[in-house]
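Please read the structure below before turning to the comments.
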């Protein structure tokens, strides 16, 4: 299985997230391992639905952000790009405040497709959302 580029740093990921949805929602990258990336996202007015709970769409944005960046870290960025093809998510538990933490790990890292699992948990490490993303790797 491919490893995430060791030159990827939390600081680089925060920098490339400027002026994107990730920055707008307050997503902060936490850690990059050889085969995972983690980030946290606040549960506040930017990410809540009208009833005060974390919006399912915000959980999916966190998941897609993590999986897309993780896939990007496993390809040749000079000649290839990874793009999302399909995302699914099961919302397990509601969250009203604090942070949620997402962790992307690979299921399949191939030459032309990647599949990543993203677990989103609350601050007590309870499962909030489980998501799976399929990405296609194409030449630039």
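Read the figures in this text as sums done on the coordinates, not as results from a lab. Keep in mind that this is a model prediction, so the values were computed, not measured. Ideal geometry is used to build each Cβ from the backbone, glycine not excepted, and the neighbour counts take in all protein chains shown.
A few points about this structure:
- Rounded tilt (10° steps) of 56-72 against the dominant C-alpha axis of the chain: 20 degrees
- Ranked packing of 73-86, 120-133, 54-67, most packed first, by mean Cβ within 10 Å: 54-67, 120-133, 73-86
- For the pair segment 10-41 / segment 92-140, the C-alpha centres are spaced 13 Å from each other.
- Calculated P(r) tail over 25 Å for the chain, as whole % of Cα pairs: 22 percent
- Taking the number of Cβ atoms within 10 Å of each Cβ as an exposure proxy, the fewest-first ranking of 53, 135 is 53, 135.
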